[in-house]
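The values are calculated or read from the model by the stated rules, or taken from the named source; none is laboratory data. All values reported here derive from a predicted model rather than from experimental measurement. With ideal geometry, Cβ positions are generated from the backbone for all residues, glycine too; neighbour counts draw on all protein chains shown. Only protein heavy atoms, including side chains, enter the accessible area calculation; ligands, DNA and RNA are left aside. Shrake-Rupley method; radii C 1.70, N 1.55, O 1.52, S 1.80 Å.
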Amino acid sequence: MKLLCHALSTFLIVASVSAVLAKTPETAKIVFTSRRDGNFEIYSMNPDGSDQINLTQHRAKDSAPVWSPTGEQILFTSDRGGVDDLYLMDPDGTNVRQVFKKLIGREFPTWSPDGKALAYHRFHTLSIYTASIDGKDEKELTDGLWPTWSSNGSEIAFMAGKFAWADNGNLIVPQVRVQIINLQTHVEEALLPGEIQMFDPTWAPDSAQIAFSWRGKAVGGTMGIHVVNRDGSGLRKLIDPENGTAAFNPTWSPDGNALIYNKGTGGVRDLFKITLDGGVPKQLTHRRGDNFNADWFDPAFALPVSPQPSLLTTTWGKLKTQDDSKTGN
């Protein structure tokens, strides 16, 4: 009887693990935010724009989805708890749960490359924080907004500036630049020193380049998309504004050969895709209502479940040790 129970327990454990792994997409998928039905919802689609599926189907405002490195979870922002904060769900939209026990206002998350931690900004303090994926070990990192974690785990790029809230509740966006912080030393540096009006940084999969939206020296100009090497060299414009229509909010493909970005079409935002070899942009969304905040997962380029020593496990451990030594924990 004991042997039978042990065998049954083993079977259930294996079956449970297999069920979790089975939910990981077998083909490349893009998740994004859409307001096509009048409410902010999270959708998925194929990289060619086909098979668009509503994952959240909730009356709350759900937005800014990002895939976990293994594709087993989607992290997103939602106000379903009364205030914008971070939630997790399975790739099919089920099993939604809060990341943090106390919801206090967190937005625009980014995963660490080993899936152990996340970074995000708090919109009340206009600061960037890091935390473990179970909502513990929350630490303030620096002032800024919209962080993005490098795939080698050593740095976070973000939008830096003297942000403030106006009396009418709108965010005052000053002379914004892309800043990079080293997670071991906490030393910060500007991606392009002296340049301003830089938005939406996103790392290439090999951490060698950063794409971003930029108005250039024309502060009142229209944004286009640029790509630059991590050391600030090799700056090039990839997407020009068309007829005063901005191109912004780029996201890399997992193989590093393409970008998804937003462009205004008919007064709303839609998603477009372009290859970095000079290809012609392709429109992926055509439904009425905004479509934006895309993130791309491909199982062919997914990280293994076990963290790699060269990635964040070492960096996160050192970062937490430094923070604990400062706080006395």
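Does segment 181-195 hold any residues that are among the aliphatic types (A, V, I, L, M) and either more than 20 Å from ALA131 (Cβ to Cβ) or open to solvent by 70 Å² or more (accessible area, probe 1.4 Å) (or both), and which are they?
VAL187, ALA190, LEU191, LEU192
Report, ordered by the first and then the second residue, all pairs with beta carbons closer than 6 Å, sequence separation of six or more or different chains, a first member in segment 270-292 that is acidic (Asp, Glu), and a second member that is outside any strand (DSSP E or B) and open to solvent by 70 Å² or more (accessible area, probe 1.4 Å).
Qualifying pairs under 6 Å: ASP290/ARG35.
Which of the residues belonging to segment 31-52 are open to solvent by 40 Å² or more (accessible area, probe 1.4 Å) and either assigned to a strand (DSSP E or B) or closer than 17 Å to TRP252 by Cα (or both)?
Listed by number, the list holds a single entry, ASP48.
Conditions first: (1) open to solvent by 50 Å² or more (accessible area, probe 1.4 Å); (2) of a type outside the set (S, T, N, Q); (3) assigned to a strand (DSSP E or B). PRO109 passes all but one, so which condition is the exception?
Here PRO109 clears every test but (1).
Considering every residue within segment 135-158, establish whether at least one is open to solvent by 40 Å² or more (accessible area, probe 1.4 Å), farther than 15 Å from ARG230 by Cβ and without any contact (Cβ under 8 Å) to a residue 12 or more places away in the chain.
Yes; the residues of segment 135-158 include at least one that is open to solvent by 40 Å² or more (accessible area, probe 1.4 Å), farther than 15 Å from ARG230 by Cβ and without any contact (Cβ under 8 Å) to a residue 12 or more places away in the chain.
Going by the conditions given, is SER68 among the hydroxyl-bearing types (Ser, Thr, Tyr), surrounded by 14 or more Cβ atoms within 10 Å (Cβ to Cβ), on the phi < 0 side of the Ramachandran plot and at pLDDT 95 or above?
Taking the combined requirement at face value, the residue satisfies it.
Quick one: in segment 121-140, of everything that is touching a Phe, Trp or Tyr at 6+ places or on another chain (Cβ under 7 Å) and not in a loop (DSSP other than H, G, I, E, B), which residue is nearest to GLY169 (Cα to Cα)?
Selected residue: ARG122.
For segment 172-183, state whether one or more residues are closer than 21 Å to GLY232 by Cβ, in a loop (DSSP other than H, G, I, E, B), touching a strand residue (DSSP E or B) at 6+ places or on another chain (Cβ under 6 Å) and not hydroxyl-bearing (Ser, Thr, Tyr).
yes
For segment 244-260, which residues satisfy the criterion of being open to solvent by 10 Å² or more (accessible area, probe 1.4 Å), polar (S, T, N, Q) and within 13 Å of the chain's Cα centre (by Cα)?
Within segment 244-260, ASN249, THR251 meet the criteria.
When you scan segment 53-62, do you find a residue that is at pLDDT 95 or above, farther than 30 Å from GLY267 by Cα and surrounded by fewer than 22 Cβ atoms within 10 Å (Cβ to Cβ), even just one?
No, because not a single residue in segment 53-62 is at pLDDT 95 or above, farther than 30 Å from GLY267 by Cα and surrounded by fewer than 22 Cβ atoms within 10 Å (Cβ to Cβ).
In segment 283-297, is there at least one residue being modelled with pLDDT under 75 and either crowded, with 20+ Cβ neighbours inside 10 Å or not in a strand (DSSP E or B) (or both)?
So far as segment 283-297 goes, no, none of its residues is modelled with pLDDT under 75 and either crowded, with 20+ Cβ neighbours inside 10 Å or not in a strand (DSSP E or B) (or both).
Output the qualifying pairs, or none if there are none: Cβ atoms under 9 angstrom, residues six or more apart or on different chains, first residue in segment 122-133 and on the phi > 0 side of the Ramachandran plot, second residue surrounded by 17 or more Cβ atoms within 10 Å (Cβ to Cβ).
The qualifying pairs are LEU126/ASP143; LEU126/GLY144; LEU126/LEU145; LEU126/PHE163.
Quick one: would you say SER132 is open to solvent by less than 70 Å² (accessible area, probe 1.4 Å), polar (S, T, N, Q) and within 21 Å of GLY232 (Cα to Cα)?
no
For residues in segment 150-171 being outside any loop (DSSP other than H, G, I, E, B) and among the aliphatic types (A, V, I, L, M), which is nearest to THR125 (Cα to Cα)?
Checking each candidate, the answer is ALA164.
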